[in-house]
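What follows is a single structure, written as structure tokens, with notes after it.
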Amino acid sequence: MQRPISSTISRPAGQDDSPAHVKWEADDTANNQFRLIDLIDDMCAGKDVFFRLVRAVRDIMPNNVKTLTLDDTVAKALEFMKQSRIRHVCIVDIPMGAENKPYFVGVVSERDIFRQISPGTEKAGGGKANIKVPRQFLGQVVTRKPKTVSPETSIPSMLSIMLENHVDMVPVIDDEGLVSIVTTTDVMKLIIRLDTICRVSVKPKQTPRKIDKIRSANLPSAGADDVAKLLATVLQTVKDMMTEQVVYLGTGDNMAAAMEAMQNDEFRHVPVVDDEGAMVGIVSDRDVLRYLPFVSGQRLPGEGTFRSSLFHVNTKDPSLSLPVSSIMTRNVTHVPPDCGFYDAVKMLHELKVSCLPVVDEKRKLRGIVTVSDVMRALLKIYKLIQKSGSEKSIS
């Protein structure tokens, strides 16, 4: 039971018309209002705070959402994304009449625009960028009927939707329409906040050696007080979440090989190594889209082969013969295998990159950490907490 709030007010001596001390009490145990002091007490006691308060999409979604309309152009969307430092924008339609509210239509992503136009770059085959493309209305390129969530959707369910559909964002829809969006950036921020709370919750006297004694096998019997210690055990370095079996290309491979590798294994990044096996660069699906020929017309969410819609191209197109060495990103930020899990997440967030190759001292590839790997790790955390019984209503 919470203690009643009390206060003592002192009165100057000599005032006999009132008692020397006036005491008032307000018992707030009758309601369940959130109190910051209770949260601080729980954090200092090492109790499960994070997973008690962060359960659903509503707990992490931004308060505002930036939108464009069907009548805006591709050029405006590109500039809008650049200025806002975003990669996705929700598209709404504004019906005639002041009383009618805008309604959600779909999403335009940076990938959609790259498939239409390559900013500042000529397309393969010698042709300059089509000047008509930037003038296209977003109604012609918007992806309609994307996967969505509601504010009440659990975070594990949201993560599963994003992972299963290979999307970096999901619009948040309620009965009134579009209310927000959640992106992988929000997921990164969530994990960074989790790390901060864990650092506060784990007492200084709890050394890493003591923390290491708590293993995932003991999760079912662990209480809420052990959450921070459990997380410190489950996810310590990038080796605990990285993809170890990495498909890579050689400098002599072409763009067609990169596209085939991405589609076959359903990933977005392919490292490139030299003849000695040292990493020299990386090719992303965005790099590929910059060099594919122009395509027009709107697309529904892709079905069947991964990236089949974005990667649709004539098999004889000259762009497919481009060597990966000419389109790859060089001087890629990378991490060693013993890099801390949370350090890697912070790097992904602060550098605004989607992957971090894991290499040894000789730059030999040992794995790769992507935003998708981070989301899988967070999903694993939620499932472990659910299994431990500290958050039974999480899903």
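The values are calculated or read from the model by the stated rules, or taken from the named source; none is laboratory data. It should be emphasised that the depicted structure is a prediction, and the values quoted were computed from it without experimental measurement. Note: ideal-geometry Cβ built from the backbone for every residue, glycine included; neighbour counts use all protein chains shown.
Tabulated data
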read-out	value
Qualifying residue in segment 248-271 (condition: at pLDDT below 95, small (Gly, Ala, Ser) and under 23 Å from the mean Cα position of the chain (by Cα))	no
Search result, residues across segment 150-178 that are hydrophobic (A, V, I, L, M, F, W, C) and either buried (at least 20 other Cβ atoms within 10 Å of the Cβ) or in contact (Cβ under 8 Å) with a residue 40 or more places away in the chain (or both)	155, 158, 159, 162, 163, 169, 170, 172, 173, 178
Residues within segment 334-386 that are outside any helix (DSSP H, G or I) and either under 19 Å from residue 245 (Cα atoms) or over 19 Å from the mean Cα position of the chain (by Cα) (or both), tallied	23
Qualifying residues in segment 243-257 (those that are closer than 16 Å to residue 316 by Cα and not polar (S, T, N, Q)) - the one surrounded by the most Cβ atoms within 10 Å (Cβ to Cβ)	255
Within segment 74-116, tally of residues that are β-branched (Val, Ile, Thr), surrounded by fewer than 20 Cβ atoms within 10 Å (Cβ to Cβ) and closer than 19 Å to residue 354 by Cα	1
Among residues of segment 320-353, those that are more than 27 Å from residue 233 (Cβ to Cβ) and either buried (at least 16 other Cβ atoms within 10 Å of the Cβ) or in contact with a strand residue (DSSP E or B) (Cβ under 9 Å, 6 or more places away or on another chain) (or both), counted	14
Residue under evaluation residue 213, criteria (1) modelled with pLDDT under 70; (2) not in a loop (DSSP other than H, G, I, E, B), criterion not met	(2)
Selection count, segment 332-352, where residues are of a type in the set (Lys, Arg) and over 16 Å from residue 377 (Cα atoms)	1
Matching option when the condition is modelled with pLDDT of 90 or more, surrounded by 17 or more Cβ atoms within 10 Å (Cβ to Cβ) and not charged (D, E, K, R), among 181, 197, 191	181
Hits in segment 237-263 (condition: free of Cβ contacts under 8 Å to residues at least 12 places away in the same chain and over 14 Å from residue 368 (Cβ atoms))	260
